[in-house]
Amino acid sequence: MAAEHSNKSDNYIKKRLKGIITGVLIAAVIIGTIMIVRALSGDNQNDDGTQQVSSAEIGTSDSTTINVYYLNKGITAIVPVTHTPESNETGALVDELIEQLSIVQDKVEYVSPIEGFTLLGKDINNGSLTLNFSTAYSSLNKVREVLTRAAIVDTLCQVDGVKTISFQIDGAPLTDSSGSPVGAMTKDTFVFNLGKDINSYEKDSLRLYFADASGKKLVAVSRPVIYNSNISKEKLIVEELLKGPNGTDIYPTINPDTTILSVTSRDGVCFVSFDKYFMTEPYAVSAEVVIYSIVDSLTDLPDIQKVQISVDSDTSGTFMESMPLQNAYTRDLNLVEGNNE
């Protein structure tokens, strides 16, 4: 009897285990099916019922969030605050981010960039976003104006479809303290580090020379910059030339794959060393235009009279078979469009 009772108990346990395992397998199949159906149907809701947005939908490549930049309490830096956008179309997303930039902050450590003035209108054309602000924008002091521009530009340049941003004040282009148009700005316009005190940075306007449409003449442009006071003005100029022009009808001169190895000055001569990619010219510009875009930009500085260009610190080569690198070139504005000298 004991053996028979034991066999019945074993059979009962086996049946129970079989039932449990079968139930688990069925549940797994059901859950897997639901997940597949939800994926195919585009049901991407969060646990709280809000809709998830893919990185492709918001125009960012690696995140479903965007950094909205605000001014810090002391108005000395800009700080990022993570925002999950609701829009995915370029114009709508720009509107959404501008609204975020305008909201009065609950947290006392943040100050909204768009405060004390209003946005009168905007226009997006071929990747160029123009923002037209009220005249009250002009009353911002120097530091706040720079930080405001940085916060707005750095925020909106994250939107797919926005490559450059220009400011207008009541329909007229924004100008710097010298009266020159600020022009189109990109995410690289503002070189100060987030969270760092802006007082360790300086504001200036550089005169740079780029190519015209023919590639045979130079065009002088004025570029306002904010830069770390630890960087030399000479290196800053070469870096800005390498970035290329911001406006239309002017063209780059230096191969963008080029790396700047060093920029030093001594006794009125600026020594610029590039890597080997400088010797490969991808643009339809003359050798003279390339060399003198660098020379004329650097000799615009009062302390620089000559420029010596080298490749990997070697001056034995010849650029585009016509410009020997062993020469130290002096300022020559004969290639500049409209020059009467």
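Which FRET efficiency, nearest 0.05, do T64 and K203 yield, Cβ-Cβ r, R0 22 Å? Could you put the intermediate results ahead of the total?
Details: r = 35 Å, r/R0 = 1.61.
Once the sixth-power term is evaluated, E becomes 0.05.
Report the antiparallel proportion of the DSSP beta bridges in region 58-196 as a percent, rounded to a multiple of 5. If you can, show how the numbers build up before the last one.
On the way: 18 of 24 bridges.
Just about 75 percent of them are antiparallel.
Which of the three applies to region 72-168, rounded, prolate or oblate, going by the alpha-carbon gyration tensor with a ≥ b ≥ c and a/c under 1.5 meaning rounded? Taking the square roots of the gyration eigenvalues as a ≥ b ≥ c, region 72-168 is oblate.
What is the distance in Å between the Cα centroid of region 301-333 and that of region 111-151? Region 301-333 and region 111-151 have Cα centres spaced 41 Å from each other. List the residues of region 159-178 whose backbone N lies under 12 Å from a point placed 7 Å from the Cα of K243 along the Cα-to-Cβ direction. Label zone hits: 165. Modelled spin-label separation between T118 and K142, with each label point placed 7 Å from Cα along the Cα-to-Cβ direction: 3.1 nm.
What order, most packed first, do the peptides 304-313, 327-336 have when packing is the mean number of other Cβ atoms within 10 Å of each residue? All intermediate terms of the calculation are to be shown ahead of the outcome.
Values: 304-313: 17.9, 327-336: 15.7.
Packing order, densest peptide first, comes out as 304-313, 327-336.
Judged by the ratio a/c of the largest to the smallest principal axis of the C-alpha gyration tensor, region 223-341 counts as rounded, that ratio being less than 1.5. Of the cross-linked pairs K122/K243; K73/K163; K233/K306; K122/K163; K187/K276, those separated by over 20 Å at the C-alpha level are K122/K243; K73/K163; K187/K276.
For N339 and Y283, the difference between the fully extended length at 0.36 nm per residue and the C-alpha to C-alpha distance is 17.8 nm. Given +1 at the Cβ of Lys and Arg, -1 at the Cβ of Asp and Glu and no other charges, the dipole of region 58-196 around its Cα centre is 500 debye to the nearest 20.
Modelled label positions at D170 and M320, each set 7 Å beyond Cα in the direction of Cβ, lie 4.6 nm from each other.
Values quoted throughout were computed directly from the atomic coordinates according to the rules given, and no laboratory measurement underlies them. None of the values given here were measured: they were computed from a predicted structure. Reconstructed Cβ throughout: ideal geometry from the backbone, glycine too, with neighbour counts over all protein chains shown.
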